[in-house]
Structure formats: structure tokens, C-alpha cells
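These notes are about the structure you will find just below.
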Amino acid sequence: MRPLLNEVQLLEDYLKGTLPEEQQLDVAVRLLWDQELQQKLARQRLAYKALRLFGRRQLRAELEAIHTRLFG
């Protein structure tokens with residue numbers, strides 16, 4: 001995997017809490033000192049939040065369409 005993709009995967013696993021404890025601590029320490037990594041993590045969190053919001057809106061629209069079909 002390319003280094004950038006590795007970093008994205010690492011941050012994703014960090015956010016999900018699925019890294020082994022030692023690796024989780026390593027990332028936490030890196031985040032204390034590396035502002036660029038902090039910014040990448042913040043952007044990744046924001047991207048996940050946007051995706052969740054979009055998914056909720058999409059689901060709401062689908063449920064409204066079903067309700068309209070069933071109950072006019």
C-alpha cells in the first residue's frame with residue numbers, strides 16, 4: 001500500500017480504536033508532537049462526520065419516499 005494510504009488507514013484504525021494498544025499509544029504520542037498529523041486526523045474526523053450526515057439525509061429521504069408510496 002502507498003505510504004499515504006497507510007497513514008489514512010492508521011488514522012482510521014486509531015479513530016475506531018482497533019489498533020493494538022502499543023500502536024494506539026504510539027499514534028497518541030505522535031499526535032502530541034506532530035501538528036501535520038493532528039491536522040490530518042482532524043480532517044479525517046470531519047470527513048467521517050460529513051459522510052454520516054449524508055448517509056442520514058439519504059436514509060431520511062428514502063424513508064419519506066416509502067411513506068409517501070404507502071400512505072400517499
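Determine the gain in length on full extension of the stretch GLN39-ARG2; use 0.36 nm per residue of separation and subtract their C-alpha separation, reporting nm with one decimal.
Extending this stretch completely gives an extra 11.3 nm.
Which distance in Å, rounded to a whole number, links the C-alpha centroids of segment 45-64 and segment 2-24?
Here the two parts' Cα centres lie 24 Å apart.
Applying 1/(1 + (r/R0)^6) with R0 = 22 Å to the Cβ-Cβ distance of GLU21 and LYS49, what FRET efficiency is obtained, to the nearest 0.05?
After rounding, the FRET efficiency stands at 0.25.
For GLN58 and GLU12, what is the calculated FRET efficiency with R₀ set at 25 Å and r taken between the beta-carbons, to the nearest 0.05?
So the FRET efficiency works out to roughly 0.70.
Coordinate-derived values only; no laboratory data. Please read these numbers as outputs of a predicted model, since none were measured by experiment. Heads up, the Cβs are rebuilt from the backbone with ideal geometry, glycines too, and the neighbour counts pull from every protein chain shown.
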